[in-house]
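Quick notes on the structure that follows.
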Amino acid sequence: MNFSPFPLLESERLLLRSLSENDKEAVFFLRTDKTVNKFIDRNKPTNTEKALDFIKDIQARVDRGESIYWAISLKDKPELIGTICLHNFSVEDNNAELGYEMNPAFHKQGLMTEALNCVKAYAFEQIGLKSLEAFTQKNNADSVRLLEKHGFTLMAGRVDEDYPLNIIFELKKVDE
């Protein structure tokens, strides 16, 4: 994959942009906040410098074409309020995994729906992917609802070997 120049995406209220070093405090918050991480088992940064290391790692992955990772911000405020990404690309299956997180202060406002609509369009129309997968913890009702709202279907036979509490959803591109 080649993500140069970086694809800026816009919705009615949002700008999806590249992560920058200026986002380190917001990234630190997202990766350590109890509400955001309630259903996520991941390494948490111990300080903002570790969050900066995470940002640099993400930037390197984007540069290598391994993933595409957007900072979500309101159009009228540049501060990061969430992230959304495509990663684990499979050339043979022509798909990618979707990931997302949002600052709880911005939950229940339809913002992740806007961001997800932008990323779905980019994945299917610009990259030409045939499907997206999303892994979410089975008790994360808000995430399950979001995925179902966007047409993702539960892949009942699939198991996440690394995280047995996860369930896996898939969205196939609709051919017109």
Based on alpha-carbon centroids, what's the gap between region 28-49 and region 121-172 in Å, whole number please?
22
With a 1.4 Å probe and all protein chains left in place, how much accessible area per residue does region 95-176 have, in Å²?
54
Selected from Phe106, Phe89, Phe124 as most flexible by GNM, with the chain as the system and alpha-carbon contacts under 10 Å:
Phe106
For region 76-82, in order, what is each residue's ³J(HN,Hα) by Karplus, 6.51 cos²θ - 1.76 cosθ + 1.60 with θ = phi - 60°, in whole Hz (x at glycine and Pro)?
8, 9, x, 5, 5, 10, x
Evaluate the distance, in nm, between pseudo-label points positioned 7 Å from the Cα of Ala121 and of Val159 along their respective Cα→Cβ axes.
4.0
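If you stretched the chain out fully between Ser90 and Met1, how much longer would it get, using 0.36 nm times the residue separation minus the C-alpha to C-alpha distance?
Residue separation times 0.36 nm, minus the Cα-Cα distance, leaves 31.0 nm.
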Which one, Phe124, Ala156, Gly110, is farthest towards the positive end of the dipole of region 85-175 when Lys and Arg carry +1 and Asp and Glu -1 on their Cβ?
Gly110
GNM, the chain, Cα, under 10 Å: largest mean-square fluctuation among Asp57, Asp93, Asp162?
Asp162
Pairs to check: Lys77/Lys149; Lys77/Lys108; Lys24/Lys172; Lys77/Lys138; Lys24/Lys173; Lys50/Lys75. Give those whose C-alpha atoms are more than 29 Å from each other in this structure.
Lys24/Lys172; Lys77/Lys138; Lys24/Lys173
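For the chain, which whole-number percentage of the solvent-accessible area (1.4 Å probe, protein heavy atoms only) is attributable to carbon and sulfur atoms? Please list the in-between numbers first.
On the way: 4760 of 9860 Å².
Result for the chain: 48 percent of the exposed heavy-atom area is carbon or sulfur.
The values are calculated or read from the model by the stated rules, or taken from the named source; none is laboratory data. This is a predicted model, so every value here is computed, not measured. FYI the Cβ positions are ideal-geometry reconstructions off the backbone, even for glycines, and counts take in every protein chain you see. Areas reflect the complete protein model, heavy atoms only, side chains present, ligands, DNA and RNA absent. Shrake-Rupley method; radii C 1.70, N 1.55, O 1.52, S 1.80 Å.
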